[in-house]
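**Q** Quick one: the structure is below, and I'll ask about it shortly.
The values are calculated or read from the model by the stated rules, or taken from the named source; none is laboratory data. Note that the structure is a prediction, hence the values are computed from the model and not measured. Cβ sites come from the backbone with ideal geometry, for glycine too, and all protein chains shown count toward neighbours. In case anyone asks, the SASA skips ligands and DNA or RNA and just uses the protein heavy atoms, side chains included. Shrake-Rupley method; radii C 1.70, N 1.55, O 1.52, S 1.80 Å.
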Amino acid sequence: MELGLKGKVALVTASSGGIGLEIAKSLAEANATVIVNGRTQKSVDNAINLIKVALSNVELELLTLVADISTKNGCNEAIAKYPDIDILVNNLGIYESVGFYNETDEDWHRLFETNVMSGVRLSRSYLEKMIAKKTGRVVFISSESAISPAQEMVHYSATKTMQLGISRALAELTKGTKVTVNSVLPGPTKTGNVEKFVEGLYPELSPDKAADKFIKENRPSSLIQRFINPKEIGDIVTFVCSERASVINGSNIRADGGLVRSAF
């Protein structure tokens, strides 16, 4: 299926690893020019090498952005270096499982700055330009925790819910254009950090058995009964960014493996 992404410039924040790397890889495979972002030159260079190895038969256009997007200065650096893009994927996000009573004011502010304000700052600049051109894509990477809040991560869940409101409100600004703004809500996804977290919970088990036990005990409503492969999220995001998804706008796209028990 031709996705119409050739020649489109896509910025994927926090794309040096995890879900962000797979989004970058999937967009690159679909012939988009991808800006790979990380906080250090080493992490960005490593990500680009991984993409080149994985897509050795694809003609790639990869650009670099070394900047901490969780800060105002980092966002300004991104906008200054790449003032005009076609696709913005607000993927940057952090989480921690500490429990509500141990979430300090500082923790709340840190997650808000990273998970919410990074996307707000970039969207504020790029979306206006997309609307002026009447074409473009903005995608927020939210979470199933946005609609099924986790009691052990109240601050994280709150920031992910806020992303849905922001995404829908921004979509209202695109009326009558070919610009879309959407959110994608992954369920538990098998990134490196998640694997370490789960293995730490069950050190006596093999990685695969630890993952199975975590899903059964902590996410029993999952219909797929497994962790999601980051590539699966990358491919969904790439489709949402494509010309094929032109009628999807202002939507929350659940990619949670059926974890959330809701018809809506």
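**Q** Just how far, in whole angstrom, is the range 185-229 from the range 25-46 if you go by their alpha carbon centroids?
**A** 26
**Q** Oh, and also: What does the accessible area of residue 173 come to, in Å² to the nearest 10, when a probe of 1.4 Å is used?
**A** About 100 Å², ignoring ligands and nucleic acids.
**Q** Could you please put 121, 226 in sequence from largest to smallest accessible area, using a 1.4 Å probe?
**A** Per-residue accessible area, sorted high to low, gives 226, 121.
**Q** Divide the volume of the convex hull of the Cα atoms of the range 137-264 by its number of residues and quote the answer in cubic angstrom per residue.
**A** Working: hull volume 13.5 nm³, N = 128.
Roughly 106 Å³ of hull volume per residue.
**Q** Per-residue ellipticity at 222 nm for the chain, helices alone: DSSP H runs ≥ 4 residues times -39500 (n - 2.57), over residue total, nearest 500 deg cm²/dmol?
**A** Values: 9 runs with 112 residues, N = 264.
The helix-only estimate for the chain comes to -13500 deg cm²/dmol at 222 nm.
**Q** Just from the alpha-carbon atoms, what are the Rg and Dmax of the range 1-65 in angstroms?
**A** Reported Rg and Dmax, both Å: 10.7, 35.
**Q** At q = 0.21, 0.23, 0.27 Å⁻¹, what base-10 log of I(q)/I(0) does the Debye formula yield for the range 39-94 when every alpha carbon is treated as an equal point scatterer in vacuo?
**A** Reported log10 I(q)/I(0), two decimals: -0.96, -1.09, -1.23.
**Q** Determine, for each peptide in 68-79, 102-113, the mean count of other beta carbons within 10 angstrom over its residues, then list the peptides with the highest first.
**A** Top to bottom by mean Cβ count within 10 Å: 68-79, 102-113.
**Q** If you build a Gaussian network model of the chain, linking Cα atoms that sit under 10 Å apart, which residue out of 170, 205, 92 swings the most?
**A** Comparing 170, 205, 92 in a Gaussian network model of the chain, the most mobile one is 205.
**Q** For the range 46-136, with the dipole built from +1 on Lys and Arg beta-carbon atoms and -1 on Asp and Glu ones, taken about the Cα centre, which of 127, 64, 109 lies farthest toward the positive end?
**A** Highest projection toward the positive end goes to 127.
**Q** Report the one residue of 249, 202, 153 whose Cα lies farthest in the direction of the positive end of the charge dipole of the chain (charges on C-beta: Lys and Arg +1, Asp and Glu -1; origin at the Cα centre).
**A** Positive-most Cα among the choices belongs to 249.
**Q** A follow-up question, please. Could you tell me which residue out of 48, 237, 221 lies farthest along the dipole of the chain toward its positive end? Charges go on the beta carbon: Lys and Arg +1, Asp and Glu -1, centred on the Cα centre.
**A** Working it through, the farthest residue towards the positive pole turns out to be 237.
**Q** Right, another one. Relative to the Cα centre, what is the charge dipole magnitude of the chain, using +1 at the beta carbon of each Lys and Arg, -1 at the beta carbon of each Asp and Glu, and rounding to the nearest 20 debye? List each step's numbers first, then the result.
**A** Values: 30 positive and 30 negative charges, 158 e Å.
Around 760 debye, computed over the chain.
**Q** On to the next question. Can you tell me the relative contact order of the chain? Whole percent, Cα pairs under 8 Å, sequence separation 6 or more.
**A** It comes to 20 percent, rounded to a whole number.
**Q** Still on this model: How do 1, 162, 153 rank by accessible surface area computed with a 1.4 Å probe, from largest to smallest? Show your work: numbers first, answer last.
**A** Details: 1 170, 162 85, 153 20 Å².
Per-residue accessible area, sorted high to low, gives 1, 162, 153.
**Q** Next up: Might you work out the accessible area of residue 82 for me, using a 1.4 Å probe with all protein chains in place, and round it to the nearest 10 Å²?
**A** Here the accessible area works out near 30 Å².
**Q** Another question, then. For the chain, what is one quarter of the convex hull surface built on the Cα atoms, given in nm²?
**A** 14.2
**Q** Could I ask something else about it? If you rank 147, 228 by how much accessible surface each has, with a 1.4 Å probe, what is the order from largest down? Before the final figure, lay out each step's value.
**A** Values: 147 75, 228 10 Å².
Most to least solvent-accessible, the answer reads 147, 228.
**Q** Additional query: Assign unit charges at the C-beta atoms only (+1 for Lys and Arg, -1 for Asp and Glu), then state the dipole size of the range 1-119 relative to its Cα centre in Debye, rounded to the nearest 20.
**A** My answer is approximately 360 debye.
**Q** Along the principal axes of its C-alpha atoms, what lengths does the range 60-206 span, in descending order and rounded to whole Å?
**A** Here the Cα extents, ordered largest to smallest, are 55, 33, 29 Å.
**Q** Using the Kirkwood formula on the Cα atoms of the range 1-144, what hydrodynamic radius do you get, in angstrom to one decimal?
**A** Kirkwood radius, the range 1-144: 15.7 Å.
**Q** So how strong a dipole does the range 52-193 carry about its Cα centre when Lys and Arg Cβ are +1 and Asp and Glu Cβ are -1, to the nearest 20 debye?
**A** My answer is approximately 720 debye.
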